[in-house]
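Visitor: My questions all concern the structure below.
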Amino acid sequence: MHELSLVTELVAECVQRAGGRQVTAVEVRCPVGVDADELTEAFAHLTEGGLLAGAVLEIETVPQVLTCECGFAGEVDPEQCAGHMVVCPACSRVHEAPDALELIAVRFPGEDRIVP
Ligand SMILES: [Zn+2]
């Protein structure tokens with residue numbers, strides 16, 4: 001499951017940023033095609049009992065962007081994204097989706113958002 005490996009990396013990064021503090025929320029940006037429900041589920045599972053336990057995963061969905069060998073570069077329709085695969089709208093080549101989750105912010109109790 002692709003989502004699980006993405007979230008594993010995300011959680012590791014958050015733990016590092018938290019530096020021992022409890023985390024209340026994590027904001028990420030992710031391209032369409034990634035299953036937000038699976039992300040949320042994986043996040044809850046991977047953060048159980050740690051510094052991120054109970055933290056809310058806030059997902060902002062953005063268009064999938066693809067650069068292809070055929071010269072196409074730009075946004076791809078959601079219909080052409082499935083999980084971690086993206087189909088080039090110009091030549092139909094199937095690509096591995098570029099790695100997806102971008103950490104925007106980690107928030108702590110009593111603090112405003114921390115922008116990296
Ligand atoms: Zn192409």
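Nothing in this text is a laboratory measurement; each read-out follows from the coordinates by a stated rule. Predicted model only: the values in this text are computed from it and were never measured. Note that we place each Cβ from the backbone using ideal geometry, even for glycine, and neighbour counts take in every protein chain shown.
Visitor: Run the dipole for the chain about the Cα centre, Lys and Arg Cβ at +1, Asp and Glu Cβ at -1, nothing else charged, and hand back the magnitude in debye, nearest 20.
Guide: Using Cβ point charges on Lys, Arg, Asp and Glu, the chain gives about 360 debye.
Visitor: Which of 13, 69, 102 moves the most in a Gaussian network model of the chain with Cα springs under 10 Å?
Guide: Sorting by GNM fluctuation, first place goes to 69.
Visitor: Provide the FRET efficiency to the nearest 0.05 for the residue 96-residue 61 pair, computing r from the beta carbons and using R0 = 22 Å.
Guide: Calculated transfer efficiency: 0.70.
Visitor: Another question, if that's okay. Return one number: the angle in degrees, 0 to 90 and rounded to the nearest 10, between the long axis of the Cα atoms of helix 36-47 and the longest principal axis of the Cα atoms of the chain.
Guide: Result, in degrees: 40.
Visitor: On a 0 to 90° scale, report how tilted helix 2-18 is relative to the longest principal axis of the chain, with both axes built from alpha carbons and the result rounded to the nearest 10.
Guide: Once rounded, one gets 40 degrees.
Visitor: Over all directions, average the projected area of the Cα convex hull of region 1-45 and note it in nm².
Guide: Result: a mean projected hull area of 3.3 nm².
Visitor: Express the C-alpha Rg of the chain as a ratio against the empirical globular expectation 2.2 N^0.38 Å, rounded to two decimals.
Guide: 1.17
Visitor: Taking every DSSP beta bridge that has both residues in the chain, what percent is antiparallel when rounded to the nearest 5?
Guide: Just about 70 percent of them are antiparallel.
Visitor: Now for a separate question. At 0.36 nm per residue, and after removing the present C-alpha to C-alpha distance, how many nm does the segment from residue 21 to residue 69 gain when stretched out fully?
Guide: Contour length minus the Cα-Cα distance gives 12.9 nm.
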